[in-house]
1. What do you reckon, is residue A:261 surrounded by fewer than 24 Cβ atoms within 10 Å (Cβ to Cβ) and either without any contact (Cβ under 8 Å) to a residue 60 or more places away in the chain or farther than 30 Å from residue B:107 by Cβ (or both)?
2. Mind checking which residues of segment A:436-470 are under 25 Å from residue B:116 (Cβ atoms), part of a helix (DSSP H, G or I) and facing another protein chain (nearest Cβ under 9 Å)?
3. I'd like to know if segment B:19-41 contains one or more residues that are at the interface with chain A (Cβ under 10 Å from one of its Cβ atoms) and within 30 Å of residue C:29 (Cα to Cα).
4. What about residue A:372, is it closer than 30 Å to residue B:112 by Cα and touching a strand residue (DSSP E or B) at 6+ places or on another chain (Cβ under 9 Å)?
5. Could you pull out the residue among B:116, B:45, B:150 that is within 12 Å of another protein chain (Cβ to nearest Cβ), touching a strand residue (DSSP E or B) at 6+ places or on another chain (Cβ under 9 Å) and at pLDDT below 95?
6. Go through segment A:13-53 and count every residue that is surrounded by fewer than 17 Cβ atoms within 10 Å (Cβ to Cβ), more than 25 Å from the chain's Cα centre (by Cα) and not in a loop (DSSP other than H, G, I, E, B).
7. Considering only segment B:9-39, how many residues are in contact with a strand residue (DSSP E or B) (Cβ under 9 Å, 6 or more places away or on another chain) and either without any contact (Cβ under 8 Å) to a residue 40 or more places away in the chain or under 17 Å from residue A:365 (Cα atoms) (or both)?
């Protein structure tokens, strides 16, 4: 049968090169970022002091940039290119591949320059680079290279998609490609904000071409980008959960149409919500803050849909194998399969992660947790566990599928061990962060006993747990790097690129779902609704601009 | 589009839950005055310490057990005037703060007093101190190499 | 740029051609799924209320 032949085909060599380059770059960033993270944990608990004039905040900048921006973005673009190649014709068009390489070179160059500037202590501004702290112009230029590189890759994927659509008039786009296009569209729309901030505010100001910077405008532009950024991390994990996991467990995709709908909702509601990161700030009216809180809660809905779909595909599969009782189907899931197990632990941890997110975004309640370690604990569950473990889970089949190798039972075992160590380390570290954050311990702060104040003394035991958890996590990073190496030495063979089939019961998605002009218009309208008046308000701020400060 | 009956119930329940959360937040925000700190007043950074109210830092008594605390957050400390704040038990204190340099944070751990201190704008937060003690005030926004030493106290007795 | 339509056809497309329009999801037993998501909902409510109460207590 046609289907069988198709799936037994080896992955296109030129495409695998592009994908693997992205994945390896991502894991190098993970390793360096992991070293920075380990040292931070040890400094914050007062176990070590940094030698040779390395600063805590320098490490923190490196950790944030390399983990949150570089590891994620490189992995995501590599993964999405592989999915486009796999589901839209079996290989990338030459132009799409060229754009992918151009993107890789730009992002890679930007990353190197940014890392050098951080190491030279010229850009100790953390990954949020809030003005009026002023980094070297080279750091800002480096960020432009990274972002423009991602746009090139996005253009490559959209090119591939449009060509496919032209050749397949009237057909529904494969789910993987559809979701990838939404993810990249979300990214492009979101990065416009940070691009405007960097190109029109930070660069001219850091070069001394303009005297002052509008601080609130720069923060608002950053968070216009900063929240969709977290959905840019999450959506590729959702692609794995929706499309790959059903195939891996041997089941079917529960509902193709609902999966697409949830991605559309993410596209609509994950952008006009940046104010929920600025709830404690002056210069934005309570009404506009609350409006964006409402929009933030709307973006929870697609996740509620996702939870149902995932459980449903598990249950339907389990029952088809004869599972009995309310939860009997759980036993039928392939627990020994690392391609399932790592992402499953990610899903599980998304439950407390989502609960924390609701708390953070709850308007005045944010005062309890704002800028405390609770927030740090929260995103170490979302991006650093749910997303990261899913990415690890993807890596276990992606590398063999790209290189024509076959997973072995031993590899599955190494993977399960790595996952458990990660989960254990994160449970300790993030758990302690959540609790001590509720007590008020600030995030992004080096060790301090606050002149022996009893409040700060009560936080210290939690710092020890964080340091132990952080050390365990670093061991898990090393295990993952080892596993990555082992993946390249697996025996030659064939490993499937798992693309789920839609349940026979599911219906064809409505045509409306691919009317991009329509959806992007709604996105633009929502953004204008949520931002126009507050931004005019900010622009009218009569205090003028601020000069730059180097405070590190 | 077809949706399973149980999924419909789940979505109605979930959306209802979010709606109830928002209702609780909205009513308490706008009817009971629990807005997050959102002051709008601009102030010139350049000659900040000549500009009211920052030309006279420290506590102003407004009423019996009601005070206004004028302070700045700077690299790396809190400027509270000649001495650290002291108020009687049961006092309501309106903190008004800005920054002459970079963005800082203002947080009293264990309370809801938590706000961003942004240069060029004055931010406010109000807290009533019903328990005696020496409350820590710290900076919770990274502001530079001495960020972790930024602190002051408010003594309630 | 020499892909033929045949090559471009993916596994999933082939599968979908076989799909029937009318669906009967109602027949599928998803009681366990429903119980699971309701537990998840309960967890969200409990944690949210806990911090909301903490907020009220700390508001004095």
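1. Values: surrounded by fewer than 24 Cβ atoms within 10 Å (Cβ to Cβ): yes; either without any contact (Cβ under 8 Å) to a residue 60 or more places away in the chain or farther than 30 Å from residue B:107 by Cβ (or both): yes.
Yes: the conditions hold for residue A:261.
2. A:438, A:450, A:451, A:455, A:456, A:459
3. Taking every residue of segment B:19-41 in turn, at least one turns out to be at the interface with chain A (Cβ under 10 Å from one of its Cβ atoms) and within 30 Å of residue C:29 (Cα to Cα).
4. Details: closer than 30 Å to residue B:112 by Cα: yes; touching a strand residue (DSSP E or B) at 6+ places or on another chain (Cβ under 9 Å): yes.
Against the criterion (closer than 30 Å to residue B:112 by Cα and touching a strand residue (DSSP E or B) at 6+ places or on another chain (Cβ under 9 Å)), residue A:372 qualifies.
5. On the way: B:116 fails: at pLDDT below 95; B:150 fails: at pLDDT below 95.
Being within 12 Å of another protein chain (Cβ to nearest Cβ), touching a strand residue (DSSP E or B) at 6+ places or on another chain (Cβ under 9 Å) and at pLDDT below 95 holds for just one of B:116, B:45, B:150, which is B:45.
6. Count: 2.
7. From segment B:9-39, those in contact with a strand residue (DSSP E or B) (Cβ under 9 Å, 6 or more places away or on another chain) are B:36-39; that's our starting set.
This time we only want the ones that are either without any contact (Cβ under 8 Å) to a residue 40 or more places away in the chain or under 17 Å from residue A:365 (Cα atoms) (or both), so: B:36-38.
Total satisfying the criteria: 3.
Here is a yes/no grid of residues against (1) surrounded by fewer than 22 Cβ atoms within 10 Å (Cβ to Cβ); (2) under 24 Å from residue A:66 (Cβ atoms); (3) at pLDDT below 95:
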{"residue": "A:358", "(1), (2), (3)": "yes, no, no"}
{"residue": "A:384", "(1), (2), (3)": "no, yes, no"}
{"residue": "A:404", "(1), (2), (3)": "yes, no, yes"}
{"residue": "A:407", "(1), (2), (3)": "no, no, no"}
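The values are calculated or read from the model by the stated rules, or taken from the named source; none is laboratory data. Being a predicted model, the structure only gives us computed values, none of them experimental. Note that we place each Cβ from the backbone using ideal geometry, even for glycine, and neighbour counts take in every protein chain shown.
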